[in-house]
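Visitor: Encoded as structure tokens, here's the structure I'll be asking about.
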Amino acid sequence: MTCSTKGAARPVTRRWYLQVLALALAAGGLAACTYRGDIDNPATLKATWFSYLNGDDIRQRCVEGAPDAFRLVYNADYNEQLRSYEVVEQAAGGARLTARVQGPSGLQVSRLDLRDPLAWARWTTSETALDAEDLARLTAALERSGAFRPAPSGLNLYSEETYWVSSLCRDGAFSFNAWLFPSERFAEIAFAEVLFAHDGTEVAVRPPKDAPPGARARATVPQRRDASDKTGSFFTLRVGENGLAGNLAL
């Protein structure tokens with residue numbers, strides 16, 4: 001098993017890109033590859049997405065004395081919109097917030113470049129400086145949302161559903177959590193408003209929506225595609241005690 005993403009040149013279309021992602025899922029590549037950085041590279045996205053969600057890189061760095069680091073990912077149907085927020089505490093005070101969006105409304109379709117054929121598929125990104133008050137406000141919102149409490153172990157997250165996943169390093173301790181829509185826990189989320197207020201991507205947030213008919217049933221059955229076999233990537237993740245316990249849909 002290798003995490004290599006090299007291959008023959010193919011015409012670049014959104015349909016082709018999603019098919020590549022689906023093949024990676026089918027091969028088990030996402031589960032086997034550990035994220036070590038460069039999520040802005042579309043090849044890294046497809047090869048290490050599960051590891052990215054699990055915060056494996058943050059876990060490794062989360063030791064006593066390490067700066068606080070927060071990663072929060074909003075999955076509003078994997079094939080429709082992904083939003084990622086990375087917050088890293090700065091030695092001088094405050095933090096740096098990197099906001100990213102991926103999906104039909106966030107893809108840079110106009111950025112076709114023969115020197116970089118996947119430029120159109122990269123995240124739409126913005127960076128914002130948070131002052132100490134902003135960071136304290138976000139941390140307090142995470143606390144009110146239950147982000148530092150035990151994760152809902154056993155919860156299944158289907159790719160077509162709407163959910164948040166967090167990987168947080170605070171004071172040298174790592175915390176993982178997840179919120180599935182609709183639920184009381186999701187309704188009590190306080191951090192989303194803070195993040196969206198500092199999101200400079202100018203890409204509209206896809207609002208939470210009920211999962212497509214049958215998605216709840218599909219979420220408990222191992223499979224890669226649904227009955228309609230529509231284009232895209234379809235998978236289910238299972239939440240463990242402090243991270244992802246595995247995926248059901250390879």
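Visitor: For the stretch 94-131, how many residues are at pLDDT below 95 and over 20 Å from the mean Cα position of the chain (by Cα)?
Guide: Going through the stretch 94-131 one residue at a time, the tally reaches 9.
Visitor: Please verify whether the stretch 201-212 includes one or more residues that are within 25 Å of PHE50 (Cβ to Cβ), touching a residue at least 12 places away in the same chain (Cβ under 8 Å) and of a type in the set (Gly, Ala, Ser).
Guide: Looking for residues that are within 25 Å of PHE50 (Cβ to Cβ), touching a residue at least 12 places away in the same chain (Cβ under 8 Å) and of a type in the set (Gly, Ala, Ser), one finds at least one in the stretch 201-212, hence yes.
Visitor: If you don't mind, there's one more thing I want to ask. Quick one: is ASP134 over 19 Å from the mean Cα position of the chain (by Cα) and either over 19 Å from SER51 (Cα atoms) or not in a strand (DSSP E or B) (or both)? Quick ask: steps written out before the conclusion?
Guide: Details: over 19 Å from the mean Cα position of the chain (by Cα): yes; either over 19 Å from SER51 (Cα atoms) or not in a strand (DSSP E or B) (or both): yes.
Criteria met by ASP134.
Visitor: Also: Picking from ARG61, ARG83, which residue would you name as being touching a Cys at 6+ places or on another chain (Cβ under 9 Å) and modelled with pLDDT of 80 or more?
Guide: On the way: ARG83 fails: touching a Cys at 6+ places or on another chain (Cβ under 9 Å).
Being touching a Cys at 6+ places or on another chain (Cβ under 9 Å) and modelled with pLDDT of 80 or more holds for just one of ARG61, ARG83, which is ARG61.
Visitor: Being closer than 19 Å to SER183 by Cβ, at pLDDT below 90 and surrounded by fewer than 17 Cβ atoms within 10 Å (Cβ to Cβ) is the filter here, so list the residues in the stretch 215-243 that pass it. Steps first, answer last, please.
Guide: In the first step, residues of the stretch 215-243 are kept if they are closer than 19 Å to SER183 by Cβ; the result is 215-220, 236-241.
With the extra rule that they be at pLDDT below 90, the set shrinks to 215-220.
Scanning the stretch 215-243 gives ARG216, ALA217, THR220.
Visitor: Any idea which of (1) closer than 23 Å to TRP49 by Cβ; (2) in contact with a strand residue (DSSP E or B) (Cβ under 7 Å, 6 or more places away or on another chain); (3) surrounded by 19 or more Cβ atoms within 10 Å (Cβ to Cβ); (4) not basic (Lys, Arg) is the one GLU160 doesn't satisfy?
Guide: The one condition GLU160 does not meet is (2).
Visitor: Can you find, within the stretch 182-195, the residue that is farthest from LYS209 (Cα to Cα) among those that are out of contact with any Lys or Arg (no Cβ under 9 Å at 6 or more places or on another chain) and surrounded by fewer than 19 Cβ atoms within 10 Å (Cβ to Cβ)?
Guide: Ranking the candidates gives GLU193 first.
Visitor: Give the residues of the stretch 170-181 that are within 15 Å of TYR74 (Cβ to Cβ) and either surrounded by fewer than 19 Cβ atoms within 10 Å (Cβ to Cβ) or among the charged types (D, E, K, R) (or both), sorted by residue number. Spell out the reasoning first.
Guide: As a first pass, look at the stretch 170-181 and keep what is within 15 Å of TYR74 (Cβ to Cβ): 177-181.
Selection gives nothing.
The values are calculated or read from the model by the stated rules, or taken from the named source; none is laboratory data. Just so it is clear, the structure is predicted and the values come from calculations on it, not from any experiment. Note: ideal-geometry Cβ built from the backbone for every residue, glycine included; neighbour counts use all protein chains shown.
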